[in-house]
Amino acid sequence: MFILIVKIISKLVYPAGLSFFLVLLGLALMKFGKDKLKRWGKRFAVLGLLVFYVFSNSWVAEKVGRSLEWKIQMPDPMVRADGIIVLGGAIQKKVKPRVIAELSDAGDRLIYGGYLMKEGLGEWIICSGGNVGTGVTKQTEAHAMKEILLRLDIKEKDILMEDQARNTLENATLSLPMAKEMGAQSIYLVTSASHMPRSLAVFKKQASELGLNDLKIIPAPCDYVNVEPEVLPPWYYQLASWILPDASALADNTKFIHEYYGLIYYKIRGWI
């Protein structure tokens, strides 16, 4: 229940919810407040609109995103590891009208994990993800992930499932003992690039607490939003995209802000 409550509250501190709350508060104060409160109402309303504009700006999304996504890179050259751990959040579960489990926006995690396996860079792969309890279906992420990996021609005997984790901390605390049982000396950690700073820090901290100080955790970030363009669009299009609000930029910034909130919260709790 705690995790669900956190998810509800978080909607008010992400850009869309925060701007809506500030504008609504401002309008209420302007409508029902006295002189001084009316002035504050105008300030809150303007602040709400400013929050919305800033975080729906593609230039802001690029800068905030790069600060996370480009922080940790895949080692070059790529080395062979004992196994691979892929974190959940990459799938849409099998529920009507879907005929099969499908990839979500973060589906690159599974594609990349499958790629590492096909390249012979890991002997086995752990799908880590349970059921947060937000409804839709009883199917766990791990089972849906396995279903997709099988369609990528990964051998069933090489796929392990950790189907209880509800957040990044539990991804680590529940999948690392499985890697230990497999005798792993090194693992690839696969997740979205923006999620990697928090994930890698959590896995390293939990590995240390589990006595796995010699376990080498190799970051394998994927699902990049911000890349180095080979060809730039016309200057007027680029200028317009930096000035005008953009729904995709708002979504990207929400994802990035979520990661910064997560880093702060995990640091306070001593999980990283």
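For segment 63-82, the criterion of a residue being in contact with a strand residue (DSSP E or B) (Cβ under 6 Å, 6 or more places away or on another chain), buried (at least 16 other Cβ atoms within 10 Å of the Cβ), under 30 Å from Ala179 (Cβ atoms) and among the charged types (D, E, K, R) is satisfied by at least one position. Residues in segment 187-211 that are in contact with a Ser or Thr (Cβ under 7 Å, 6 or more places away or on another chain) and not hydrophobic (A, V, I, L, M, F, W, C) were compared, and the one that is surrounded by the most Cβ atoms within 10 Å (Cβ to Cβ) is Thr191. Which of the residues that make up segment 116-149 are closer than 17 Å to Val190 by Cβ and surrounded by fewer than 16 Cβ atoms within 10 Å (Cβ to Cβ)? Lys118, Glu119, Gly120, Glu123 - these are the residues of segment 116-149 that are closer than 17 Å to Val190 by Cβ and surrounded by fewer than 16 Cβ atoms within 10 Å (Cβ to Cβ). Whether a residue is in the same structural domain as Asn167 (by TED's automatic domain parsing), modelled with pLDDT under 90 and either under 27 Å from Ile257 (Cα atoms) or surrounded by fewer than 16 Cβ atoms within 10 Å (Cβ to Cβ) (or both) was assessed, and Val95 passes this test.
Condition check ((1) in contact with a helix residue (DSSP H, G or I) (Cβ under 9 Å, 6 or more places away or on another chain); (2) not assigned by TED's automatic domain parsing to the domain that holds Gly89) across all residues:
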position: Thr191; (1), (2): yes, no
position: Leu200; (1), (2): no, no
position: Leu210; (1), (2): yes, no
position: Asn213; (1), (2): yes, no
position: Pro229; (1), (2): no, yes
position: Leu239; (1), (2): no, yes
position: Ser248; (1), (2): yes, yes
position: Glu259; (1), (2): yes, yes
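Out of segment 122-163, which residues are in contact (Cβ under 8 Å) with a residue 40 or more places away in the chain, over 18 Å from Ala81 (Cβ atoms) and not in a helix (DSSP H, G or I)? Scanning segment 122-163 gives Gly129, Gly130, Val132, Gly133, Thr134, Val136, Thr137, Gln139, Leu152. In the set (1) farther than 25 Å from Tyr265 by Cα; (2) of a type in the set (S, T, N, Q); (3) modelled with pLDDT of 95 or more, the condition left unmet by Ser104 is number (3).
Just so you know, in segment 101-121 the residues that are more than 23 Å from the chain's Cα centre (by Cα) and assigned to a loop (DSSP other than H, G, I, E, B) include one that is nearest to Ala81 (Cα to Cα), and it is Leu121. In the set Gly183, Gly211, Gly270, only one residue is touching an Asp or Glu at 6+ places or on another chain (Cβ under 8 Å) and on the phi > 0 side of the Ramachandran plot; that residue is Gly183.
Counting only helices (runs of 4 or more DSSP H) that sit wholly inside segment 164-244, those with at least 1 residues that are under 18 Å from the mean Cα position of the chain (by Cα) are 168-181, 196-209. Pairing each residue of segment 250-268 that is farther than 14 Å from Leu18 by Cα and of a type in the set (A, V, I, L, M, F, W, C) with any residue that is modelled with pLDDT of 95 or more and not in a helix (DSSP H, G or I), provided the two are 6+ apart or on different chains, yields C-beta distances under 8 Å for Phe256/Ser194.
Cβ-Cβ distances below 6 Å connect the following pairs, each with a first residue in segment 212-239 that is surrounded by 10 or more Cβ atoms within 10 Å (Cβ to Cβ), a second residue that is in a loop (DSSP other than H, G, I, E, B) and at pLDDT below 90, and a separation of six or more residues or different chains: Ala220/Met74. Screening segment 1-35 for residues that are in a loop (DSSP other than H, G, I, E, B) and surrounded by fewer than 11 Cβ atoms within 10 Å (Cβ to Cβ) and picking the one that is modelled with the highest pLDDT gives Lys34.
The values are calculated or read from the model by the stated rules, or taken from the named source; none is laboratory data. A quick note: this is a predicted structure, and the numbers were derived from the prediction, not measured. For neighbour counting, all protein chains shown are included, and Cβ atoms are generated from backbone atoms with ideal geometry for every residue, glycine included.
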